[in-house]
Amino acid sequence: MLSISSCLFTLHLAALVASVPALSSVSSAASAHAVSAVSSVAPVASSTSSAAEPTATVPFASTNPNLPLWGLDSGDPEPVRGSLGAPILGPDNIPMDHENPDLFAPPTSDAGSVQVWPFSLSHNRLQTGGWARQENIGVLPMATSIAGVNMRLEPGAIRELHWHSTSEWAYVLSGTTQVTAVNADGQNFLANVGPGDLWFFPPGIPHSLQATNESAEGSEFLLARRFHEDDTFLLTDWLAHVPAEVIQKNFQANPEAFSHIPDQELYIFPSTPPPIDATAPSSPQGGVPNPYSFAMSQINATQHSGGTVKIVDSTTFTVSTTIAAAEVTVEPGAIRELHWHPTMDEWSFFLEGQGRVTIFAAQGNARTFDYQAGDIGFVPTAMGHYVENIGNTTLKYLELFNSDRFQDISLNQWLALTPPALVKAHLQLSDQTIASLSKTKPVVVGPST
């Protein structure tokens, strides 16, 4: 979780980003399905070049280590790195400092400001039967393309019948959620969605969410979409604001039939757990042509030297036309390689472990953050970044994109497929180093040997 002071600097980030030249002009000629097309075969080496050694026109970048100076359970936090900084003499929130070493004593390679947000600092809406907390532009102003909601339902509890003006994507964190929906053609859908699996409802499609009793704890899930959670069209809220005689006329019902509807929204409320083997009511129009759920937990991950990647977008989950996702694991000491996404922002949610990310925003602007489970990160379109595991256990996180396809560009692959003389002229690399660059994407790279 971040310190309060680190959250405050997010308020001036919009001005910072506005001062950076538009990055979305970066070429969108990346592969249509970049990472998913990567195989786990050995990298193909680049050829060497006999180009003349370039003459340095600026000083060489420092090769001094810029590691985190302490961990969650080790070390004494101080705002000191080498000869820079000085110990704090006044009051200090030491637990917060322990959680954010790269904010309290940042790497010397950092400059400027980027932003992040932990769900732990989000206001939680408590209801009988569950709760919901959200991240949106109110707390993370830069994240205009995707907002997140973390919701919990006790067994049987219902997130009431509703719809949105934008699509809804979900990843189940725990337990099983029974979802229902009806499309514009009167075709319906019902499914039980378990841990690690997804659902997706297109804009305007009415749906419901209810925790089953397969787990005594009910269910918990992550929702992602492009709006504020409170901007939702709820069944009870609507009917409470329709004249009673209009409701009677619409449903051709007597006055008593709708005399017990709530006078305000229910949002989340307790109910009887649904049958696990429940099926959707028979519809003359049949069921939906493409399911609104996807068993991501059942697909095989692509293994790389430092971890694994699963990708789900519209090529595999047909209805998911506005959210593409990757589930990534990074082993201790390994990194999700230096890369960027050419045409879309990245919204990240950390599920397990401890991570470190440096975001490069151009013109000498970069900032390093430390992440734990429950934290949210956001990387604007085309900004370079990596994700490093700085803990002792596997790091697991989600990468979400407001797009129908997953795309990324690998720094390693880009350099490997660029004429060696050009690479040598820029970076003064040896022929041996250039030859070791990978022409296929490493994606998740194991610890250095």
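For Asp313, Asp370, Asp277, the sequence from fewest to most other C-beta atoms within 10 Å is Asp277, Asp313, Asp370. Note that region 416-428 has calculated 3J(HN,Hα) couplings of 5, 9, 9, x, x, 4, 5, 5, 5, 4, 7, 10, 6 Hz, one per residue in order, obtained from phi through the Karplus relation 6.51 cos²θ - 1.76 cosθ + 1.60 (θ = phi - 60°); glycine and proline are x.
Ordering 240-246, 154-160, 389-395 by mean Cβ neighbour count within 10 Å, with the highest value first, yields 154-160, 389-395, 240-246.
If both residues of a DSSP beta bridge must be in region 146-296, then about 95% of such bridges are antiparallel. Phi-derived couplings, Karplus 6.51 cos²θ - 1.76 cosθ + 1.60 at θ = phi - 60°, listed residue by residue for region 345-352: 6, 10, 10, 10, 9, 8, 9, 8 Hz, with x used for Gly and Pro. Ranked for footprinting exposure by Cβ neighbours inside 10 Å, fewest first, Thr57, Thr358 give Thr57, Thr358. Along its three principal directions, the equivalent ellipsoid of region 407-449 from the Cα gyration tensor extends over semi-axes of 19, 14, 8 Å, largest first. Does anything in region 366-392 have its amide N under 13 Å from the 7 Å Cα→Cβ label point of Asn64, and if so which residues? What the label zone holds, given the 13 Å backbone N cut-off, is no residue at all. Shown in residue order for region 383-396 are the 3J(HN,Hα) couplings computed by the Karplus curve 6.51 cos²θ - 1.76 cosθ + 1.60 at θ = phi - 60°: 6, x, 6, 9, 10, 10, 7, 9, x, 9, 10, 4, 8, 10 Hz (x for Gly and Pro). Computed from the alpha carbon positions, the gyration tensor of region 146-296 leads to an equivalent ellipsoid with semi-axes of 26, 18, 17 Å, biggest first. The alpha carbon centroids of region 200-239 and region 253-269 are separated by 19 Å. Each 10 Å bin from zero holds the following percent of Cα-Cα pairs in region 213-292: 12, 26, 40, 22, 1.
By the count of neighbouring beta-carbon atoms within 10 Å, fewest first, Lys439, Lys249 end up ordered Lys249, Lys439.
Each reported figure results from applying straightforward, stated rules to the coordinates on display, with no laboratory input. Remember, it's a predicted structure, so these values are computed and weren't measured experimentally. Here the Cβ is made from the backbone with ideal geometry for all residues, glycine too, and neighbour counts use every protein chain on show.
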